[in-house]
Amino acid sequence: MPQSISSTEPSKLYRWLVLLWLSITMFGNYYFYDALEPLADVLQKQLHYTDQNIGLLNSFYSIAPIATVLIGGILIDRLGVRRALLIFGCICLAGSMLTAFSPRFEVMAGGRFIFGMGAESLIVAITAAVAKWFKGKELSFALGLNLMLARFGSWLAQNSPTWAHSAYNTWQGPWLIGVAFVSLCVIGPIAYWIMEARAEQRYALGKAGEADKIVFQDVKNFGLSYWYLVGLCVIFYSAIFPFETFAVKYFIDAHGTTRELGGFLLSVLTAFTMFGTPIVGLFSDKMGRRATIMCLGVLLLIPVFLMMGYTHISLYVPMAMLGFAFTFVPAIIWPSVAYIVPSRTLGTALGLMTMIQNMGMAGMNWGLGKANDVAHASATHPTGYQPMLQILTVMGILGAVLAFLLRQRELGPHGHGLETITAG
């Protein structure tokens, strides 16, 4: 006789344990993405990779999820969350193993591409799973904690030259450590599968959250404020993440830091986002002023790269400013979309913005690497990094213009309340 299903819900402790396994899965995902940054100079010295090669490793990662966004949550809807999590986690593990398998650039780039396919799909599935367990309860807080632990994976990878110093004697060592962490992308979904299957036998669980998808008929109805947000998103992410790709190598070559210090300096940015993003999000919910906050965040980008390249100010100062900027803008951009598009088209709006963002990041990773190679950037020619810094400064200026235009529109008769609407 089948066991009856209770109308009560799983305990709060059970839900938080589910979130812990989902967050551990995301932690492994984020670690491997950022494992490239402190490894860049080793790939150049030992495998003779150019900066363009190094940039392309992350470009291939960004290209991969474009198709994933186009098909949206179809696989998740058809397979179910727990099957999707396990499949995408296995793809991540396969991609990471291929990345660490061979010194040939084509093989390593193929591994990053496969990892990107699994990683971005895994993030979508995790978001859907969190919504299934926390919708109508502590969803925003749960997503915030999930992202905080995920970014701890980035922080740990960026500081790996300190706690895994000997691994950097070879190009393969840091990748193999990353593969070990990516195994969490399989272990976590297995644990989630067990916990969800047990809960389904006893309780009536909610439905998974919907994944972002693109319905092209909806795009023509998006207003100018939406496209300003898309432009800001592309500019901001295309400046920050591609800079991170080369940051540690730049610090070593142009400022004479050790790899350990270079990784720690980069992790300052990550630490700001780990703890600051939820605080800024809470502030904007209470006070509004979203467009103004974005203006302030983007303005911080303009002097940061000039300070690094043309002054003797301690690198902690521009990295802290970059951390503040990366705390301000992402905390506001994504929630703001919900205010300026109809709720029925929110999946399309977020999916399209994600797709264009990844296109920008892919192009900029390649572009900055190409600029470094053309200018012969190296430890013996540190001024060769200046074109990269100039490009990033121009990105900051363009972002400031878009943020100003967005604020002016939102203060006018066609505004959607980004400056005025508060929570509660």
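Looking at LEU398, LEU392, LEU352, can you tell me which residue is under 19 Å from LEU301 (Cβ atoms), under 19 Å from the mean Cα position of the chain (by Cα) and among the hydrophobic types (A, V, I, L, M, F, W, C)? Talk me through it step by step, then tell me what you get.
Details: LEU398 fails: under 19 Å from the mean Cα position of the chain (by Cα); LEU352 fails: under 19 Å from LEU301 (Cβ atoms).
None of the other options fit; the residue is LEU392.
Checking LEU75 against (1) modelled with pLDDT of 95 or more; (2) surrounded by fewer than 24 Cβ atoms within 10 Å (Cβ to Cβ); (3) part of a helix (DSSP H, G or I), which single condition isn't satisfied?
It is condition (1) that LEU75 fails.
Mind listing just one residue for me: the one in the stretch 230-260 that is out of contact with any Leu (no Cβ under 9 Å at 6 or more places or on another chain), assigned to a helix (DSSP H, G or I) and hydroxyl-bearing (Ser, Thr, Tyr) and, of those, modelled with the highest pLDDT?
Among those residues, the one meeting the criterion is SER238.
For the subset of the stretch 84-111 comprising residues that are touching a residue at least 12 places away in the same chain (Cβ under 8 Å) and outside any helix (DSSP H, G or I), which member is nearest to LEU36 (Cα to Cα)?
ALA100
Take the residues of the stretch 274-329 that are closer than 24 Å to LEU402 by Cβ and outside any helix (DSSP H, G or I): which is modelled with the highest pLDDT?
LEU300
Taking the residues in the stretch 386-402 that are more than 15 Å from LEU322 (Cα to Cα) and in contact (Cβ under 8 Å) with a residue 60 or more places away in the chain as candidates, determine which candidate is surrounded by the fewest Cβ atoms within 10 Å (Cβ to Cβ).
Filtering the stretch 386-402 for residues that are more than 15 Å from LEU322 (Cα to Cα) and in contact (Cβ under 8 Å) with a residue 60 or more places away in the chain, the one surrounded by the fewest Cβ atoms within 10 Å (Cβ to Cβ) comes out as GLN390.
Can you name every residue in the stretch 92-136 that is among the β-branched types (Val, Ile, Thr) and either on the phi > 0 side of the Ramachandran plot or crowded, with 19+ Cβ neighbours inside 10 Å (or both)? Spell out how you get there, then give the answer.
Residues of the stretch 92-136 among the β-branched types (Val, Ile, Thr): 99, 107, 114, 123-124, 126-127, 130.
If the condition is that a residue be among the β-branched types (Val, Ile, Thr) and either on the phi > 0 side of the Ramachandran plot or crowded, with 19+ Cβ neighbours inside 10 Å (or both), then THR99, ILE114, ILE123, VAL124, ILE126, THR127, VAL130 are the ones that fit.
Which condition from (1) within 18 Å of the chain's Cα centre (by Cα); (2) crowded, with 19+ Cβ neighbours inside 10 Å is the one that LEU368 breaks?
(1)
Among the residues of the stretch 161-175, write down those that are surrounded by 15 or more Cβ atoms within 10 Å (Cβ to Cβ) and touching a residue at least 24 places away in the same chain (Cβ under 8 Å).
So in the stretch 161-175, the residues surrounded by 15 or more Cβ atoms within 10 Å (Cβ to Cβ) come out as 161-162, 164, 167-168, 171-175.
Matches in the stretch 161-175: PRO161, THR162, TYR168, TRP171, GLN172, PRO174, TRP175.
Among GLU196, GLU120, which is the only one that is touching a Ser or Thr at 6+ places or on another chain (Cβ under 7 Å), among the charged types (D, E, K, R) and outside the structural domain of LEU261 (by TED's automatic domain parsing)?
Only one candidate passes the filter, namely GLU120.
From TRP155, TRP163, grab the single residue that is under 24 Å from LEU261 (Cα atoms) and touching a Ser or Thr at 6+ places or on another chain (Cβ under 6 Å). Let's see the steps before the verdict.
Numbers: TRP163 fails: touching a Ser or Thr at 6+ places or on another chain (Cβ under 6 Å).
TRP155 is the lone residue from the list that is under 24 Å from LEU261 (Cα atoms) and touching a Ser or Thr at 6+ places or on another chain (Cβ under 6 Å).
The values are calculated or read from the model by the stated rules, or taken from the named source; none is laboratory data. Everything quoted here is computed from the prediction, not taken from an experiment. Virtual Cβ from ideal backbone geometry, glycine too; neighbours counted across all protein chains shown.
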